[in-house]
Amino acid sequence: MNKLEAFGYIAAQAARGDITFPTSVNAVLRLQLALEDPDCHVEEAIRLVLSEPQLAARTVALANTAAFSAGGVQVTNVRAAVLRIGYRRLRGLVAALMVRQFGHRIADPVLRAKAEQLWAHSVQVAALAQVLARRVTRVDPDTALFAGIVHEVGGFYLLSRADEFPGLLDDDPENWSALCEDVVSAEVIRKLSIPSDVAQAIAALRDGALNPEPHTLLDTLLLANRYAQVASSLAAGESGPDAGPLDAAMVRTLLEEAGETAEALGDATLV
């Protein structure tokens, strides 16, 4: 099977809804759905977070960032961390854990390196999106963080399948991978029950144009992608951040503020 046939096969599967996730992804997805239940009691939320040690550690780390630790008071346990950051911000951490789990079944070292770079990129975009939402676009920062984490989920799915098709993600001058990723992303996003406003912003990213006065979730993601210090490993021709609508001093401030959140979300090592 050549590369074009492989892309066609994967895209056709996605179009039919024939997408399966690694067991680890399904487990975290169940956790996410439970936490999003409006009847989920705080004690149950704490129990669920404690059931995933990495999530527990990241929850405490996020609660201790400057954005949440008013007066510099540190929390040292999951209960206090959950109460401090709230369910909406916890959703972003669960999404981060879920996206990272796609790396579980990637065995090829080259593909794994691509996945680790894509994860580092996603973390930076998510953290920058949250800061941009607060300072520039004025959209909901928690939604912006969540959208940044999941905006490359179709790429992670492609990477998780690429072991089956040697050479699938080698140099691709005709951009078949981009076309396939768009089809795959739409179905993966549907299966993950990602909210429609987030799904629409992600779908518009590839050809999206920035508004003269950025004010939408799409604008937020476009800016975050532009200023992220790590490029997507699946985006042909990207070489890092370029000059954009924000001045250099503002960009430095944004990157400094985003750095702590990015660290709390996790390093570039896939689980």
How much length, in nm to one decimal, is gained on full extension between Ala186 and Arg47, taken as 0.36 nm per residue of separation minus their Cα-Cα distance? 46.8 nm
Keeping every protein chain present and rolling a 1.4 Å probe, give me the accessible area per residue for segment 1-102 in Å². 48
GNM of the chain, Cα pairs under 10 angstrom: of Val188, Val251, Val28, the biggest fluctuation goes to Val251
Residue with peak Gaussian network fluctuation, the chain [Cα springs, cutoff 10 Å], from Arg16, Arg100, Arg47: Arg16
Please compute the length gained on full extension between Asp247 and Cys40, using 0.36 nm multiplied by the number of residues separating them and subtracting their Cα-Cα distance. 70.2 nm
Per residue, the convex hull volume that the Cα atoms of segment 22-177 enclose (Å³): 131
Spin-label pair Arg30/Ser193, simplified geometry with 7 Å Cα→Cβ offset, distance in nm: 1.4
Share of the chain's accessible area from carbon and sulfur, percent, 1.4 Å? 53
Report the residue, chosen from Phe146, Phe165, Phe21, that carries the largest GNM mean-square fluctuation when the chain is represented by alpha-carbon nodes joined by springs under 10 Å. Phe165
From Cα coordinates alone, what are the radius of gyration and Dmax values for segment 96-160 in angstrom? 13.0, 41
At 7 Å along the Cα-to-beta-carbon direction for both His104 and Ala209, put a label point, then send me their distance in nm to one decimal. 4.3
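The values are calculated or read from the model by the stated rules, or taken from the named source; none is laboratory data. What you see is a predicted model, and the numbers here were worked out from it, not measured in a lab. Backbone-built Cβ (ideal geometry, glycine too); neighbour counts: all protein chains shown. For the accessible areas, the whole protein counts, side chains as well, though only heavy atoms, and no ligand, DNA or RNA atoms are used. Shrake-Rupley method; radii C 1.70, N 1.55, O 1.52, S 1.80 Å.
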